[in-house]
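Shown next, in structure tokens, is the structure this report addresses.
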Amino acid sequence: MAPTLWLVRHAPTRDNVDGVIMGQRDPEAILDGLDIAAGLLADVAFELVVSSDSRRAASTARAIAPAAPLRLDERWRERSFGPWEGRTKAELLAAHPDALADVGPVRLDADIPGCESLPALLARVHGALADLGELRGPVLVVGHNGSLRAALALLGLAELTSVAATSVEHLHPIEADLARLRKTAR
């Protein structure tokens, strides 16, 4: 039996608030967000917590489950936005009008020069999910908007076309069943 997963997007950062594209840049989470994270999923005894190796994700993971073993995994990092990291979404929208969804996130299916491709993102997140299959769970995964949207599609919780243009809310736990990955990956 595959473990139950809890997927959580990291606590917000100042860049999130200011509309700056972070990608794999590494700003700290806002302290108010970490205070909120400390109250999430308090009744779940996690076998393992897996987090992106970014500071904002790792500090969120530690706040949610301070006593659980923590594994940092770079495959849960945000999508690389190359030369766009540190620039505003408004700048990206001006240069690539189809790159942003109406609700604000950079589309997963946007073809932006210098950015990590959707197939590369899906491959690394699939590998990260597959490595969790031997656990009994429950498992907490703390990641980013892009990596978690990819996971939702890979786990069959949403269609790729749907998550491509939506955002995963910060600190909003999503329960998932890892057994769905095996069906989806075939």
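The values are calculated or read from the model by the stated rules, or taken from the named source; none is laboratory data. Quantities reported herein were computed from a predicted structural model and do not represent experimental measurements. So basically every Cβ, Gly included, is an ideal-geometry build from the backbone, and we count neighbours across all protein chains shown.
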Task: Number of the exception - Met22 against (1) surrounded by fewer than 17 Cβ atoms within 10 Å (Cβ to Cβ); (2) within 17 Å of the chain's Cα centre (by Cα); (3) farther than 25 Å from Gly137 by Cβ; (4) not small (Gly, Ala, Ser) - done: (1)
Open item on the list: Take the conditions under 30 Å from Trp84 (Cβ atoms), without any contact (Cβ under 8 Å) to a residue 40 or more places away in the chain and not charged (D, E, K, R) and apply them to Ile30. Does it pass?
Closed with: yes
- [ ] Tell me, please, whether a residue that is surrounded by 13 or more Cβ atoms within 10 Å (Cβ to Cβ), in contact (Cβ under 8 Å) with a residue 12 or more places away in the chain and part of a loop (DSSP other than H, G, I, E, B) can be found in the range 117-127.
- [x] no
Task: Subset of the range 25-73 that is assigned to a strand (DSSP E or B), in contact with a Ser or Thr (Cβ under 8 Å, 6 or more places away or on another chain) and aliphatic (A, V, I, L, M) - its residue that is surrounded by the fewest Cβ atoms within 10 Å (Cβ to Cβ) - done: Leu72
Task: Subset of the range 95-111 [modelled with pLDDT under 90 and among the β-branched types (Val, Ile, Thr)] - done: Val103
TODO: Determine whether the range 153-175 contains at least one residue that is touching a Pro at 6+ places or on another chain (Cβ under 8 Å), under 22 Å from Lys89 (Cβ atoms) and not in a loop (DSSP other than H, G, I, E, B).
DONE: yes
Task: Any chance Leu108 is at negative phi, surrounded by 15 or more Cβ atoms within 10 Å (Cβ to Cβ) and part of a helix (DSSP H, G or I) - done: no
